[in-house]
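Okay, so here's the structure we're looking at.
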Amino acid sequence: MGKLMRRLRETSPRDLLAVGLPALLVLVAGFWFAAQFIKPAPPERLVISTGSDGGAYQHFAARYRPILERYGINLVERSSAGSSENLKRLLDAREDVDLAFVQGGAGMVREDVPLLSLGSLYYEPLWIFYRGAPGLDRLEQLAGKRIAIGVAGSGTNLLAREMLDAHGMGGGKVTMLPLSGLAAVGALEGGEVDAVFVVGAPHSAAVWLLLHSEGVALFSFAQAEAYTRRFPYLARLSLPQGVIDFERNIPSRDMVLVSPMATLVAREDTHPALLDLLLHAMTEVHSEPGIFQKTGEFPSARQIDYPLSPRAERYYKSGPPFLQRYLPFWVANFIDRAFVLLVPVVALLFPLIKITPPLYTWRVRSRIYRWYGELKFLEYEAERDPHGRTPQQWDEALDRIEDAVNRIATPLAFADQLYTLRLHISLVRQNLERRLGSLEAPPDA
């Protein structure tokens, strides 16, 4: 304590304030500027738009939920007609939706659309089931049939229309009915439709039921390779004999399918910390091996329609953020957000630490050096014209400088310089008295 008091006595509070206050204001301004770039704490609620009841999108959203709940995030699922409706929700600011499942090729991509992709999740094959004997492999063979192509607003509806139009079958050659999901399954089994287009994972309710339905055959795409050239968002897939059910030998022969990718798309303003959690959940759910993919093949950054989120790009290159690997989510997120505030510390504090002490020293010394200038000017005047003032006026000028110096508020750390100045004043006084005395003395006889 005594050492601290001694240091305080050796400094000038007024000078410290004059130098330190502007430095503090610069630092505060830097913090304020950096704070403008800090994202608020992530919300505890995330809304995802999925698809029809019993579909794969709902299935995967249900698997995401417990993973996110481990980190205190509540995932709210909203069903929809499918990809087209999901995109409309994402683009409508009035809709309370943060992200959605979107079928590859289901939307028109424009640069001004504020959507980001988190990556592709899995192959989402197009399955065509029909009543009758197996063996159909060209869409022209469905001419004159009643076909359930999915409800308006679904990715299935859009893909079915594109493929049928490519074969010239959109002008009344087939009857297209807006049925999807379990409703389409019931219509096919009840004889109300002749064929059903379904886009989804093998374990989605509609696909699984139709694969095991008696009297229902699966369409194999003989022109699969051609479809992948005409529609770049499609991939050719092989469904080996018996892979669905070995005991019942489903399918009964090797089949060829075409498939878009299922992707997850988020609004541009979705909190980045939540995107990190979603990427973690996506990896945990979709990295498993399946009928069409190998272990770790998904999620991935390939075959996406929208720009890849910067957080997703970093995740696919180097994995989860460093802090989230070793710290609880909320702690890691707080440190990540607070890290932005270190920018003014690094950019401003260190330079200020180097600049402020010299400024303080200059400010204190300037009060002393100012009188050195006055003293030097007086000495120069006396050398040039010693008779320009009377001896009394010279003394008064020196007394004025000395009185002013004695009133300088100087910290103890600079007292030596003050005493040196007073010594120099005395030296100038002596030199001046000697010079004036020699001028007044009579010449030698």
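Name the residue that is nearest to Gln417 (Cα to Cα), counting only residues in the stretch 356-366 that are touching a residue at least 40 places away in the same chain (Cβ under 8 Å) and either of a type outside the set (Val, Ile, Thr) or open to solvent by 80 Å² or more (accessible area, probe 1.4 Å) (or both). Of everything passing the filter in the stretch 356-366, Arg365 is nearest to Gln417 (Cα to Cα). When the stretch 297-307 is filtered for residues that are touching a Phe, Trp or Tyr at 6+ places or on another chain (Cβ under 9 Å) and either hydroxyl-bearing (Ser, Thr, Tyr) or within 17 Å of Pro232 (Cβ to Cβ) (or both), the ones remaining, listed by number, are Ser300, Ala301, Gln303, Asp305.
One line per residue, one yes/no per condition, for (1) modelled with pLDDT under 90; (2) among the hydroxyl-bearing types (Ser, Thr, Tyr); (3) part of a loop (DSSP other than H, G, I, E, B):
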site: Met282; (1), (2), (3): no, no, no
site: Ile291; (1), (2), (3): no, no, yes
site: Thr295; (1), (2), (3): no, yes, yes
site: Phe298; (1), (2), (3): no, no, yes
site: Glu313; (1), (2), (3): no, no, no
site: Ala338; (1), (2), (3): yes, no, no
site: Pro344; (1), (2), (3): yes, no, no
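Is it the case that some residue within the stretch 242-251 is in contact (Cβ under 8 Å) with a residue 60 or more places away in the chain, among the charged types (D, E, K, R) and over 19 Å from Leu164 (Cβ atoms)?
Just the residues of the stretch 242-251 that are in contact (Cβ under 8 Å) with a residue 60 or more places away in the chain, to begin with: none.
Taking every residue of the stretch 242-251 in turn, none turns out to be in contact (Cβ under 8 Å) with a residue 60 or more places away in the chain, among the charged types (D, E, K, R) and over 19 Å from Leu164 (Cβ atoms).
For the condition in contact (Cβ under 8 Å) with a residue 40 or more places away in the chain and either of a type in the set (S, T, N, Q) or assigned to a helix (DSSP H, G or I) (or both), Phe414 qualifies. For the stretch 232-261, taking the residues that are open to solvent by less than 30 Å² (accessible area, probe 1.4 Å) and not aliphatic (A, V, I, L, M), the one that is nearest to Leu136 (Cα to Cα) is identified as Pro251.
Among residues of the stretch 200-218 being in a loop (DSSP other than H, G, I, E, B) and surrounded by fewer than 17 Cβ atoms within 10 Å (Cβ to Cβ), the one that is nearest to the chain's Cα centre (by Cα) is His203. Does at least one position in the stretch 367-386 carry a residue that is in contact with a Leu (Cβ under 8 Å, 6 or more places away or on another chain), within 19 Å of Glu433 (Cα to Cα) and loosely packed, with under 11 Cβ neighbours inside 10 Å? Scanning the stretch 367-386, I find no residue that is in contact with a Leu (Cβ under 8 Å, 6 or more places away or on another chain), within 19 Å of Glu433 (Cα to Cα) and loosely packed, with under 11 Cβ neighbours inside 10 Å, so the answer is no. For the stretch 266-311, the candidate set comprises residues that are in contact (Cβ under 8 Å) with a residue 24 or more places away in the chain, of a type in the set (Gly, Ala, Ser) and touching a Ser or Thr at 6+ places or on another chain (Cβ under 7 Å); within that set, the residue that is surrounded by the fewest Cβ atoms within 10 Å (Cβ to Cβ) is Ser300. Evaluating Thr228 against the criteria (1) over 14 Å from Arg131 (Cβ atoms); (2) of a type in the set (Val, Ile, Thr); (3) touching a helix residue (DSSP H, G or I) at 6+ places or on another chain (Cβ under 7 Å); (4) without any contact (Cβ under 8 Å) to a residue 40 or more places away in the chain leaves one unmet condition, (3). One residue alone among Phe221, Phe197 is assigned to a loop (DSSP other than H, G, I, E, B), under 14 Å from Tyr130 (Cα atoms) and open to solvent by less than 50 Å² (accessible area, probe 1.4 Å), and that residue is Phe221.
The values are calculated or read from the model by the stated rules, or taken from the named source; none is laboratory data. No experiment lies behind these values; they were computed from the predicted model shown. Neighbour counts are summed over all protein chains in view; Cβ atoms, including those assigned to glycine, are modelled from backbone coordinates with ideal geometry. We work out accessible area using only protein heavy atoms, side chains counted, and drop any ligands, DNA or RNA first. Shrake-Rupley method; radii C 1.70, N 1.55, O 1.52, S 1.80 Å.
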